[in-house]
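Below is one structure, written out as structure tokens; the observations come after it.
Every read-out reported here was derived from the displayed coordinates using simple, explicitly stated rules and does not represent laboratory data. Quick caveat, the model's predicted, so the values are computed rather than measured. Cβ coordinates were reconstructed from backbone atoms using ideal geometry, including for glycine residues, and neighbour counts include every protein chain displayed.
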Ligand code: B12
Ligand code: SF4
């Protein structure tokens, strides 16, 4: 089990079962962050992103030969399945290096995760310093049983060492994007820029939403890079990869108005021309000054990304979202007034959610579309993740709770697994979304329509029908929806 080597392998499992989960290719920030102090201390680190490799397991086995430690990152969902597959392959090849797991899922369920035979230890929460200490021990051939922030199971006994105090993230070295295999493959052509990359400038979130992982893992603390650090990182991304757009992966970016302003002022002063988008909470935007919006816009802000979740006052209250439907509308108004896009994410199918509450969500989604002049929200179905009050409620309503990491590997975070969310319910919601998509066509829908005469004619007809439906609130006789489905299955037979 113990080896004297300064080679560490970090593996980011695939995050989808079927075809590509997402239209964009994102850099694997969780393993990149965990690797930063290791590189700085002279370790030889191999970063493997199974989402982009054609033969990730072959590569993994090659890299693990002679390595001291394998680290696997995962969130709840398919990454557990593929992480286990990877650990199994390593063991099947006779490689005995310790396999350490980190990320949100292991941090929320450390004991259960550590009880799996392909898990030698779990790193809970922030990973940089724990990983560094682990690497130090195993590369010296020492045991890691006394490291803070680690949970492990040996001889049938599960031990959770004391928490490691969370460090100031400003102390950590810059994320070493250049160490990824072919970093340029992570440049995406999207709204914020034709060569956009993902980046994270903070950790945690001060809010307390009862379906979310942040309060569980980071205890409602929010730690952020200082503006100079962010600016230096942006300069690095621009000069090394010719990046022209940034997608912030922060759970919430705009917690401190002053910090957001300083970063934007710095971008303008340093001539850092970058489009960008970041997560915000709706009530924050209602409180920002006009100057702040102006400088955010001037520095290239393309859109605020806001988790609205629901338009129902009672649902928002029940999930402790600490926002009101009015906050959602106010944020849409102020963003539009300053000519900055705002995109909301809404969720339907919460455990115990009533039809009338879902109707409220549709009402707010439509109201937002009227304010911003297009539908550019996203509709999601509730996806349970462990350790929070909504998950417990889902369990009371019949959600089958996985009891082991193996069971989590086949647990679907998507709606199909929920007893109260039938296919026909989902279909009805998708139909309603379709009416907003065409009733309030976005720039993106219009641009796609211009690609062919037939598409243009379809979008024009669907828009007329859908806007009439929205005006009259009439959702029956979905001929336009059936036509779209017919066109899609003709385009993709089988
Ligand atoms: C980007 C993202 C995605 C992308 C990932 C693509 C990619 N290549 O990055 C995609 C779109 C696939 C995705 C999907 C989902 N996501 Co997501 N996602 C995120 C997001 C916004 C950023 C992740 C990130 O890069 N973080 C930055 C890194 C640096 O932070 P970190 O992960 O915390 O890493 C630190 C520690 O965890 C630890 N660590 C992490 N890995 C490892 C490994 C080792 C070995 C060690 C030692 C330490 C360690 O050290 C790191 C540095 O301190 C996070 C929120 C967030 N801000 O983190 C949500 C988040 C991770 N997602 C979440 C959820 C719920 C989902 C979905 C289930 C949503 C859904 N409705 O389906 C799906 C999962 C299904 C699937 N297909 O996998 C939850 C996690 C919940 C959970 N129980 O796991 C989060 C936290 C959002 C939230 N606020 O609840 N997601
Ligand atoms: S505001 Fe977003 S990131 Fe923060 S706790 Fe709520 S859902 Fe999680």
Give the calculated FRET efficiency between residue 487 and residue 339 to the nearest 0.05, with a Förster radius of 30 Å applied to their Cβ-Cβ distance.
0.30
Mean shadow area (nm²) of the C-alpha convex hull around region 389-491 is 9.6
Taking region 187-382 on its own, what percent of its Cα-Cα pair distances exceed 22 Å?
48
Taking the Cα atoms only, what angle lies between the long axis of helix 78-92 and the longest principal axis of the chain, rounded to 10 degrees?
20
When a/c is below 1.5 the answer is rounded, else prolate if a/b is larger than b/c, else oblate, so apply that to region 1-129 with a ≥ b ≥ c taken from the square roots of the Cα gyration tensor eigenvalues.
rounded
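Give, in nm to one decimal, the length gained when the segment between residue 354 and residue 467 is fully stretched (0.36 nm per residue of separation minus the Cα-Cα distance).
Stretched out fully, the residue 354 to residue 467 stretch lengthens by 38.1 nm.
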I'd like the FRET efficiency for residue 179 and residue 228, computed as 1/(1 + (r/R0)^6) with the beta carbon distance as r and R0 of 30 Å, rounded to 0.05.
0.85
Full-stretch length increase - residue 159, residue 430 - with 0.36 nm per residue and alpha-carbon distance subtracted:
93.0 nm
Whole-Å distance linking the alpha carbon centroid of region 142-159 with that of region 239-275 is 40
Determine, for 74, 470, the number of other Cβ atoms within 10 Å of each Cβ, and report the residues in order from fewest to most.
470, 74
Tell me, what is the percent relative contact order of the chain, built from C-alpha pairs under 8 Å that lie six or more residues apart?
11
Using only Cα atoms, tell me the angle between helix 325-337 and the longest principal axis of the chain; keep it within 0 to 90° and round to the nearest 10.
80
Looking at the chain, what % of its DSSP beta bridges pair antiparallel, to the nearest 5?
20
Could you calculate the contour length gain from residue 291 to residue 400, that is, 0.36 nm times the residue separation minus the distance between their Cα atoms, to one decimal place in nm?
34.2 nm
From largest to smallest, what semi-axes in whole angstrom does region 217-329 give when each is the square root of 5 times an eigenvalue of its alpha carbon gyration tensor?
28, 15, 12
With a cut-off of 8 Å between alpha carbons and a minimum separation of six or more residues, what is the relative contact order of region 187-382 in percent?
18
Inter-label distance, nm, simple model (7 Å from Cα along the C-beta direction), residue 189/residue 475:
3.7
CD proxy, 222 nm, the chain: helix-only mean residue ellipticity via -39,500 (n - 2.57) per DSSP H run with n ≥ 4, per residue, nearest 500, stands at -13000 deg cm²/dmol
Alpha carbon centroid spacing (whole Å) that separates region 176-209 from region 425-494:
32
I'd like the Kirkwood hydrodynamic radius of region 260-322, using the inverse of the mean 1/r over distinct C-alpha pairs, in Å.
13.2
Computed label-point distance, nm, for sites residue 410 and residue 317 using a 7 Å Cα→Cβ extension:
4.2
Three principal axis lengths of the chain [C-alpha, angstrom, descending]:
72, 55, 44
Taking R0 as 35 Å, what's the FRET efficiency between residue 40 and residue 208 from their Cβ-Cβ distance, rounded to 0.05?
0.50
Tell me whether region 438-494 comes out rounded, prolate or oblate; compute the Cα gyration tensor, take square roots of the eigenvalues as a ≥ b ≥ c, and use a/c under 1.5 as the rounded threshold.
oblate
Treating the angle as unsigned and between 0 and 90°, give the value, to the nearest 10°, between the Cα long axis of helix 453-472 and the longest Cα principal axis of the chain.
70
In what sequence do 105, 320 fall when counting other Cβ within 10 Å, fewest first?
320, 105
